[in-house]
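To keep things clear, I will list the structure first and then write my remarks on it.
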C-alpha cells in the first residue's frame, strides 16, 4: 500500500483507484476553517486508510470531517485519528462511513483517540454510519484520556524534566500509528511535523 500526504481543504474529494494510505496533515490550527476529506470507493477490490495525527497548541482549533463512501462491493477503509489537546484547544471531528446498497462485502472502520494535556479543552467526536447494505462489517470507537501521572513520575525519576517526560509520552501516543506508514520518506516527514508540534506544547496539567 502506497502512502500519500493530504493537506485537506474545505472540501477535498479523492476517488480511490489503488490501495493507498492517505496521511492527513491539517495546515492551520489557529483559524476557524473547516476541513473535509472524502474518499470515494467505486472500484472493486481497493483498500485505503485515512490516518490523521494532530497536536493542538494552546487555544488551537481543529474542525475536521472524514468520509468513506463505499459504492461498489469488496472495498475496505480504516480511518485512524489521533490527537493531542493543549490548554484551551478545541477539536471538532466528524467521522462518516457511508456504505451504499450496491457495496456488499465491504468493511469500514473508524477509531478516534484524543490525549488531553491541558485544562479547558473541548473534544467533540461525532461518528456517523449510514449503511444500506446488509453483508458488511463496520464499526467505530472514540476515547479521550490524560497522561498517566505514574508514568510521568517514573520518567522524571530517570532524570527527565517534566516537559521532557511529557513530550516522550506524547510521542509514544503517536509512534504506533507512525510505524504503520510504509513509505519511509512520508513517515519521516510526518514524524518531524508531529515532533515540532509537540515541542511547543506546555507542561501537563497539575
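The values are calculated or read from the model by the stated rules, or taken from the named source; none is laboratory data. Keep in mind it's a predicted model, so treat the numbers as computed, not measured. In this analysis, Cβ positions are derived from the backbone assuming ideal geometry, glycine residues included, and neighbour counts consider all displayed protein chains.
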*Go through the residues of the stretch 21-33 one by one and say whether even a single one is surrounded by fewer than 19 Cβ atoms within 10 Å (Cβ to Cβ) and at pLDDT 85 or above.*
no
*On the given criteria, is residue 139 over 24 Å from residue 29 (Cβ atoms) and either exposed (fewer than 15 other Cβ atoms within 10 Å of the Cβ) or over 20 Å from the mean Cα position of the chain (by Cα) (or both)?*
yes
*Cβ-Cβ below 6 Å, separation at least six or inter-chain, first residue in the stretch 140-154 and over 19 Å from residue 86 (Cα atoms), second in a strand (DSSP E or B): which pairs?*
140/110; 140/127; 141/111
*Evaluate the following for residue 82: is it surrounded by fewer than 24 Cβ atoms within 10 Å (Cβ to Cβ) and touching a helix residue (DSSP H, G or I) at 6+ places or on another chain (Cβ under 6 Å)?*
yes
_Segments classed as strands (runs of 3 or more DSSP E), wholly inside the stretch 1-56, with at least 3 members that are more than 23 Å from residue 84 (Cα to Cα) and touching a strand residue (DSSP E or B) at 6+ places or on another chain (Cβ under 7 Å)_ = 12-15, 35-41
*Does residue 41 satisfy being at pLDDT 95 or above and either surrounded by fewer than 22 Cβ atoms within 10 Å (Cβ to Cβ) or more than 13 Å from the chain's Cα centre (by Cα) (or both)?*
yes
_Going by what's in this entry, would residue 179 be described as surrounded by fewer than 11 Cβ atoms within 10 Å (Cβ to Cβ), at pLDDT 90 or above and under 26 Å from residue 75 (Cα atoms)?_
yes
*Residue list for the stretch 182-197, restricted to those being outside any helix (DSSP H, G or I) and surrounded by 13 or more Cβ atoms within 10 Å (Cβ to Cβ)*: 183
_So if I check each of 165, 103, 114, which one is crowded, with 21+ Cβ neighbours inside 10 Å, closer than 30 Å to residue 30 by Cα and touching a strand residue (DSSP E or B) at 6+ places or on another chain (Cβ under 7 Å)?_
114
